[in-house]
1. Restricted to the range 209-238, and to residues that are surrounded by fewer than 11 Cβ atoms within 10 Å (Cβ to Cβ) and within 16 Å of the ligand (Cβ to nearest atom), which residue is nearest to Gly268 (Cα to Cα)?
2. I'd like the residue in the range 270-279 that is buried (at least 16 other Cβ atoms within 10 Å of the Cβ) and under 17 Å from Asp54 (Cα atoms) and, out of all such residues, is farthest from the ligand (Cβ to nearest atom).
3. Among (1) more than 16 Å from the ligand (Cβ to nearest atom); (2) free of Cβ contacts under 8 Å to residues at least 40 places away in the same chain; (3) not aromatic (Phe, Trp, Tyr), there is one condition Asn133 misses while meeting the rest; what is its number?
4. Looking at Val126 and the list (1) within 19 Å of the chain's Cα centre (by Cα); (2) surrounded by 15 or more Cβ atoms within 10 Å (Cβ to Cβ), which single condition is not satisfied?
5. Counting just the residues of the range 254-269 that are among the hydrophobic types (A, V, I, L, M, F, W, C) and within 26 Å of Arg237 (Cα to Cα), which one comes out farthest from the ligand (Cβ to nearest atom)?
6. Would you confirm, using the coordinates I've provided, whether Lys191 is away from the ligand (no atom under 16 Å from the Cβ), of a type in the set (Lys, Arg) and within 27 Å of Val121 (Cα to Cα)?
Amino acid sequence: MKITNKHNVPAPLVTLASKEYYSKGESSYSVTELMSPPKIKRLREQYNESIESDVADMLWSMLGSALHVVMERGETPGFLSEERIFAEVNGVTVSGAIDIQQETDKGVIIIDYKFTSAWAVMQDKVEWEQQLNVYKWLVETVKKKKVIGLQICALVRDFSRHETKQGYPNAPIHMVDIPMWDAVKAENYIKERLEMHREAKMAQDFGEELQDCTPEERWMTETKYAVKRDGRKTAIRVLDDKEEARILADSEKGYVEVRPGEPKRCTGNFCGVAQWCKQYQGELNDTK
Ligand code: SF4
C-alpha cells in the first residue's frame, strides 16, 4: 500500500503511518481479517501495490497504534496487555491480539479498546460481539482459562457533555458489556468464515467472479421516503415506510421522493478497493 501526503503534514506522521504496528505473526488470518468480507480481502491482496491511502485519512488508525504503544507504559498487576494468541483451525492458523486480559479469581475479563463515535456506542455492534467472542474462544481453547466477561472500552471521539439522548455515553470513556457465546458457537463461526475465505481464494485463483459483498458488509443505509410539496423546500416528513409516505403525501396534497439507500463502504471507498470492484463499478455504470 502506498501512503500519500496530500496535505503536507510533517514527515514523522508519514513515517508512523507507514509502519504497520500490528503484526499477525505467522498466522494466515488475524481475527479482523477473518471477519472482513472475503471479497475485500482478496481484492486488497491483489491490488496491494496500487492501493493508496493518504496520511491525513489515517488519523484514527494512527491514534489506535499510538494507544497500543502508550498502553505498554501502563502495566498494572493482574492485567495482561497486548497478547497475541495463535490457534490452528482446520489446518489454518488464526490469531488474535488481545488488548487487555484482566485476571480475576473467577476467570478472565477480555477488554478491547476502540476509538469510536457516540453513535456507534448507541448501536448494537455485531462486529464487536464477533471479535470479542473469537478472542474468548482463543483464550479458552489455547490458554485453557475461563472467560467470564467481554467488554469494549469505547474512547468516544465526538463526546459532548450537553447531549441528553437516551443511551448516549455518560463520559468520553465508556465501557460496553458484550454478550458471550459458548465455545461451539464461536468455533462454528470461525470455521464458517474460514470456509468463505477459502472459497473466495479458489474463485480468484481460477479467475472466477468473487462472491458479492452483502448489504451489511457494504454498510448499506435504508431507503427513505420523503413526503414533499411543491413550493416547500424541506420535506414535510421523511419516512421508512413507502405506503405510510404515500398516504401522508395524499393527505398533504404532495408527492413522495424516494431517497435510495447508499452502500457507504463502497461510496466512501472505506474498503480501499472500490475502483477495482466489479460489483460496485457495475452498479455505477448502470446508473449512468
Ligand atoms: S466497493 Fe463495496 S462491494 Fe466492492 S469490495 Fe468494496 S465494499 Fe465490497
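Just so you know, all these numbers are worked out from the coordinates, no wet-lab data involved. As the structure is a computational prediction, the values presented were derived from the model and not from experiment. Positions of Cβ are backbone-derived with ideal geometry, glycine not excepted, and every protein chain shown enters the neighbour counts.
1. Thr214
2. So the residue we want is Gly272.
3. (2)
4. (2)
5. Val256
6. Numbers: away from the ligand (no atom under 16 Å from the Cβ): yes; of a type in the set (Lys, Arg): yes; within 27 Å of Val121 (Cα to Cα): no.
Judged against the criteria, Lys191 is not a match.
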